[in-house]
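Presented below is the structure to which this report refers.
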Amino acid sequence: MMIEDPKKQNVKKPNDGQDTVQRIQVGVVGLVAVLMVVSVANFVLQRASDEQSAIEEIQAEALENAGRLAVEAEPAPAPAPAEPLAELGITAAPVPEDEVVQPVPTVPGTRAQVVPDLEPDPKLEARMDKER
């Protein structure tokens, strides 16, 4: 049997730092894996159970309350207004009695009316709808 020198046993290997980092990485990956397995198992068991979760109970209760409130708050249908503009306070401006409305002249044999506002300006030198 050979006795080793005690000074040689205390000497650290240069690989020791890398081993520590690798052990920490393996530990963290192991914890994450266990957490994922527990989360998936919890999800599967929750979906498989017949009980309603707290969120589902709250949603069902809110739906019941909303339906009840909608029925209670529903007013009787109002009759359709005969004069919707008058209901808003808008009325047609009355024509003064002394003003006579002139009929718009039409060309015989055509259906189109001549609108004086849409006639071209006589001061224009060239047509604006065509390029020169």
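Filtered by the rule that a residue be at pLDDT 60 or above and hydrophobic (A, V, I, L, M, F, W, C), segment 7-30 gives V21, I24, V26, V28, V29.
Here's the yes/no breakdown for (1) at pLDDT 70 or above; (2) surrounded by 10 or more Cβ atoms within 10 Å (Cβ to Cβ):
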| position | (1), (2) |
| --- | --- |
| A33 | yes, yes |
| V40 | yes, yes |
| E51 | yes, no |
| E57 | yes, yes |
| D98 | yes, no |
| T106 | no, yes |
| R111 | no, no |
| V114 | no, yes |
| L118 | no, no |
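Consider R47 carefully, then state whether it is in a helix (DSSP H, G or I), at pLDDT 90 or above and among the basic types (K, R). So R47 does not fit the description; no.
Would you check if there is a residue in segment 69-76 being modelled with pLDDT under 70, under 42 Å from the mean Cα position of the chain (by Cα) and small (G, A, S)? Checked against the condition, which is being modelled with pLDDT under 70, under 42 Å from the mean Cα position of the chain (by Cα) and small (G, A, S), segment 69-76 yields at least one hit.
Assess whether E64 counts as being in a helix (DSSP H, G or I) and modelled with pLDDT under 85.
Answer is no for this residue.
The values are calculated or read from the model by the stated rules, or taken from the named source; none is laboratory data. Because the structure is predicted, anything quoted here is derived from the model rather than measured. Glycine gets a Cβ as well: all are built from the backbone with ideal geometry, and neighbour counts include every protein chain shown.
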